Amino acid sequence: MCTQTKAAALMANIPRADIDPSGVFKYVLIRVHSREEGDDSEIDIVRGYGWAEYHADIYDKVSEELEKDGHLDCECIGGGRIKHDPQAKKIHVYGYSMGFGRANHAVTTEKLKDRYPDYEVTWDNEGY
């Protein structure tokens, strides 16, 4: 019988990308790990919201929610900005976070392409 850890089950249900429906806003790339012994599973997730004044605001809120049951651990592996234009079906990922450094925008772009398959999703390392 195949057994799945509680952490792996939780991670399976975490959306890989969650961003605001439109606008220009900060985002963070977060690596979510299992805290369970013998379980080295991990996933990367993208979170981007216009309400955040700082990249850390997003990370703090998301990590607090995911870590609350003690099965998961989070680390921010970078940040940047997202321009989301739903009318044109375009998302552009760029820039960096002063506090967390530049996220791997290629990874972020792949997560967003999975979430928005009918969009043109692009990235570059220009801008702040």
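Some points to look at:
- In this structure, Lys6 does satisfy being of a type in the set (Lys, Arg), open to solvent by 50 Å² or more (accessible area, probe 1.4 Å) and more than 13 Å from the chain's Cα centre (by Cα).
- Within the stretch 28-73, the residues that satisfy the criterion of being crowded, with 17+ Cβ neighbours inside 10 Å and assigned to a helix (DSSP H, G or I) are His55, Ala56, Ile58, Tyr59, Val62, Ser63, Leu66.
- Pairs where the first residue, in the stretch 54-66, is farther than 13 Å from Phe100 by Cβ and the second is in a loop (DSSP other than H, G, I, E, B), C-beta under 9 Å, 6+ apart: Lys61/Ala52; Leu66/Ile14
- The set of residues in the stretch 75-92 being among the charged types (D, E, K, R) and open to solvent by 50 Å² or more (accessible area, probe 1.4 Å) consists of Glu75, Lys83, Asp85, Lys89, Lys90.
- Among the residues of the stretch 74-125, those that are part of a strand (DSSP E or B) and of a type in the set (Asp, Glu) comprise Glu75, Asp85, Glu120.
The values are calculated or read from the model by the stated rules, or taken from the named source; none is laboratory data. Since the structure is predicted, the reported quantities are computational estimates derived from the model, not experimental observations. All Cβ positions, glycine included, derive from the backbone under ideal geometry; neighbour counts span all protein chains shown. Surface accessibility is based on the protein's heavy atoms, side chains included, excluding ligands, DNA and RNA. Shrake-Rupley method; radii C 1.70, N 1.55, O 1.52, S 1.80 Å.
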